[in-house]
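Chemist: My questions all concern the structure below.
Quick note: the coordinates plus some simple rules give every number you see, no bench work behind them. Remember, predicted model here, so these are calculated numbers, not experimental data. We place every Cβ from the backbone using ideal geometry, glycine too, and count neighbours over all the protein chains shown.
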Amino acid sequence: MRLVSLHASLRWGATLGLLLVLAGCATAPRPSGPTPDSVRDDIARRIPATVKDRAGWAADIQAAFAAQEIEAYEENICAVLAVIAQESGYKADPPVANLPAIARAEIERRAAEVHVPKFMVGAALKVRSTDGRSYEERLRTVRTERELSGLYGDLIGRVPLGQRLFGRYNPVQTGGPMQVSIPFAEAQADDYPYRFDGSIRDEVFTRRGGLYFGIAHLLGYTTPYTRKVHRFADFNAGWYASRNAAFQNAVALATGRTLALDGDLLAPGAPLERPGETERAVRELAGDLRMDVAAIRRELERGDRLEFNDSPLFQRVFALAESRAGKPLPRAMIPGITLDSPKIRRELTTAWFATRVDDRYRRCMAR
């Protein structure tokens, strides 16, 4: 009995030793990634030496990466820096050339749409605003979108004519160092990591807020792209616009129709019986696609998600188009969009924006 007991003890000891070895292997710490300090240092050295407070910019960018669990490797860092350089030249609330004239023209345009005479507009602008100056005085001195957004908000909230001209809609819809969409930022507000007073709109005009939401818009979604230029085009035109433009191109080749390659697969709010241009073209292929109009609509509604790539509609349209073209077709194309904004004084396109940012990105990577 003693011998058996000894053998059992030896076997148990060997088993326990093996378990401890395995447990040690399972719980061994993995090699850690770069520290926050090293990430900040890497970002700062890539920012042009002429930029004031490079350390502050780097800290806010690193904090946004960390909060959103975005990897801070050089491609992501350079993508963010390229957009900042293009959109604001590293200014948290960049000045806009001729902004007083642009804003006054926008007010008068809206007044004309609702048949408000100019003398009534002039009288409303002479009303004293919340800071003691008249709206007209403030309008003459606005330099940035933050200042103009505050003026519009004040005008809408306090002057009856403001409500008539704008309703509850503030015409300033982008802002901050990356010129991010304010509606996009408001939709992401639940995850915003900073404590703040005021509104998310106010935060967009700060460096930390503008960077956080701008980085979310640029890098906060998974794409099928192999080139960064298409992500830059999406930053300008909307998530998956480059993928959707390539799909529209395939639909055009499959049907022989000319389509606007703008990345918009559905006309906003269009009922099933009045489809938009792209949807009408897809319906011409319904027999070959083995889909009815309701199924086509359901598939196109997935056009704002990555999963659209794996949908039967996407796969069948490309199979048809490539069969008729006799060659493979691109799965990403820069959308053909002409940019429209009161701030833009010459004809610019999404392609112009994307290629400019891509040039900056490549120079950053080369450094």
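Chemist: Using the Karplus curve 6.51 cos²θ - 1.76 cosθ + 1.60 with θ = phi - 60°, work out ³J(HN,Hα) for each residue of the range 351-367 in order, rounded to whole Hz, and write x for Gly and Pro.
Modeler: Along the range 351-367, the couplings run 4, 4, 4, 4, 6, 5, 5, 4, 4, 5, 4, 5, 5, 5, 5, 5, 6 Hz.
Chemist: A further question follows. In straight Cα distance, which lysines are under 22 Å from Lys118, not counting same-chain residues fewer than 8 positions off?
Modeler: Filter leaves Lys126.
Chemist: May I ask you to derive the relative contact order of the chain, considering only C-alpha pairs under 8 Å and at least 6 residues apart, and to give it as an integer percent? Walk me through the intermediate numbers first.
Modeler: Working: 431 pairs, mean separation 59.2, N = 367.
So the answer I get is 16 percent.
Chemist: What length, rounded to one decimal in nm, is gained on full extension from Ser199 through to Met120, with 0.36 nm per residue of separation minus their alpha-carbon distance? Could the numbers behind the result be given before it?
Modeler: On the way: separation 79, 0.36 × 79 = 28.44 nm, distance 3.08 nm.
The Ser199-Met120 span can extend by a further 25.4 nm.
Chemist: Still on this structure, please answer the following. Can you give the angle from 0 to 90° between the axis of helix 228-237 and the longest principal axis of the chain, with both taken from C-alpha atoms, to the nearest 10?
Modeler: 40
Chemist: Check Thr349: other-chain or 5+ apart residues with amide H under 5 Å from its amide H, H built from backbone geometry?
Modeler: When sequence neighbours closer than 5 places are left aside, the close amide H contacts are Leu339.
Chemist: Here's a follow-up. If you plug each phi of the range 274-287 into the Karplus form 6.51 cos²θ - 1.76 cosθ + 1.60 with θ = phi - 60°, what whole-Hz ³J(HN,Hα) values come out, in order, with x for Gly and Pro?
Modeler: Computed from phi, the couplings for the range 274-287 are 10, x, x, 4, 5, 4, 4, 5, 4, 4, 5, 9, 3, x Hz.
Chemist: Quick check on packing: order 116-129, 36-49 by the mean number of other C-beta atoms within 10 Å, highest mean leading. Numbers along the way, then the final one.
Modeler: On the way: 116-129: 13.9, 36-49: 15.6.
So the order, starting with the most tightly packed, is 36-49, 116-129.
Chemist: So, one more: Among the aspartates and glutamates, which have Cα under 18 Å from the Cα of Lys52 when same-chain residues fewer than 8 positions away are ignored?
Modeler: Cross-link targets: Asp41, Asp42, Asp60, Glu87, Asp93.
Chemist: Starting from the range 195-261, pick out the chymotrypsin sites (Phe, Trp or Tyr not before Pro) whose DSSP state is loop and whose Cβ has at most 15 other Cβ atoms within 10 Å. Please report the intermediate quantities before stating the final value.
Modeler: Numbers: sites: Phe196, Phe205, Tyr212, Phe213, Tyr221, Tyr225, Phe232, Phe235, Trp239, Tyr240, Phe247; in loops: Phe196, Phe205, Tyr221, Tyr225, Trp239, Tyr240.
Filter output for the range 195-261: Phe196, Tyr221.
Chemist: Another question about this same structure. If you place +1 on the Cβ of every Lys and Arg and -1 on the Cβ of every Asp and Glu, how big does the dipole about the Cα centre of the chain come out, in debye to the nearest 20?
Modeler: Details: 52 positive and 45 negative charges, 110 e Å.
Its charge dipole is roughly 520 debye.
Chemist: Between the range 170-245 and the range 311-328, what is the C-alpha centre distance in whole Å?
Modeler: If you average the Cα positions of each part, the centres end up 32 Å apart.
Chemist: If each DSSP helix of 4+ residues adds -39,500 (n - 2.57) and the sum is divided by the residues in the chain, what number results at 222 nm, nearest 500 deg cm²/dmol?
Modeler: Details: 19 runs with 216 residues, N = 367.
So the helix-based figure for the chain works out to -18000 deg cm²/dmol.
Chemist: Along the positive direction of the dipole of the range 99-175 (beta-carbon charges: Lys, Arg +1; Asp, Glu -1; about the Cα centre), which of Ala123, Asn170, Gly157 reaches farthest?
Modeler: Of Ala123, Asn170, Gly157, it is Ala123.
Chemist: Which ordering of Asp264, Asp197 is given by a fewest-first count of other beta-carbon atoms within 10 Å? Walk me through the numbers before you get to the answer.
Modeler: Numbers: Asp264 20, Asp197 6.
With the sparsest Cβ surroundings first, the list reads Asp197, Asp264.
Chemist: State the extension gain, in nm to one decimal, for the chain segment bounded by Asp37 and Leu348, taking 0.36 nm per residue of separation less the distance between their alpha-carbons.
Modeler: Numbers: separation 311, 0.36 × 311 = 111.96 nm, distance 3.90 nm.
In short, 108.1 nm is gained.
Chemist: Once you list every other residue whose beta carbon is under 14 Å from the beta carbon of Ser311, what net charge do they have if Lys and Arg are +1 and Asp and Glu are -1? Before the final figure, lay out the partial values.
Modeler: Working: positive: Arg243, Arg290, Arg297, Arg298, Arg302, Arg305, Arg316, Arg331; negative: Glu299, Glu301, Asp304, Glu307, Asp310.
Computed value for this residue: +3.
Chemist: Whole-Å semi-axes of the chain's equivalent ellipsoid, largest first, each the root of 5 times a Cα gyration tensor eigenvalue?
Modeler: Numbers: eigenvalues 437, 232, 85 Å².
With the √(5λ) rule applied to the chain, the semi-axes are 47, 34, 21 Å.
Chemist: Report, in degrees rounded to the nearest 10, the 0 to 90 angle that the Cα long axis of helix 2-27 makes with the longest principal axis of the chain.
Modeler: Roughly 20 degrees, rounded to the nearest 10.
Chemist: Skipping prolines and chain starts, which residues have an amide H placed within reach, meaning under 5 Å, of the one on Val180, given they are 5 or more residues away or on another chain?
Modeler: Answer set, sorted by chain and number: Gly175.
Chemist: Against the globular-protein guess of 2.2 N^0.38 Å, express the Cα radius of gyration of the range 224-367 as a ratio, rounded to two decimals. Let's see the in-between values first.
Modeler: On the way: Rg = 16.1 Å, N = 144, 2.2 N^0.38 = 14.5 Å.
Compactness ratio reported: 1.11.
Chemist: On to the next question. Can you give the angle from 0 to 90° between the axis of helix 207-219 and the longest principal axis of the chain, with both taken from C-alpha atoms, to the nearest 10?
Modeler: So the inclination is approximately 70 degrees.
Chemist: For Arg104 and Asp359 in one chain, what is 0.36 nm times their gap in residues minus the Cα-Cα distance, to one decimal in nm? Numbers along the way, then the final one.
Modeler: Working: separation 255, 0.36 × 255 = 91.80 nm, distance 3.50 nm.
That pair, Arg104 and Asp359, stretches by 88.3 nm at full extension.
Chemist: Still on this model: Let's test this: bin the Cα-Cα distances of the range 77-205 at 5 Å from zero up to the farthest pair and state each bin's percent.
Modeler: 2, 10, 18, 20, 19, 13, 9, 5, 2, 1, 0
Chemist: Report relative contact order for the range 214-364 in percent, whole number only (criteria: Cα-Cα under 8 Å, sequence separation at least 6).
Modeler: Values: 198 pairs, mean separation 45.7, N = 151.
Here the relative contact order equals 30 percent.
Chemist: Here is a follow-up. Beta carbons within 10 angstrom, averaged per residue: use that to sort the peptides 307-318, 147-158, highest first. Don't jump to the answer; show the numbers that get you there.
Modeler: Numbers: 307-318: 16.8, 147-158: 19.7.
Descending packing order for the listed peptides: 147-158, 307-318.
Chemist: Strictly greater than 15 Å: what percent of every Cα pair in the range 111-175 meets that?
Modeler: On the way: 1033 of 2080 pairs.
Tail of P(r) above 15 Å: 50 percent of Cα pairs.
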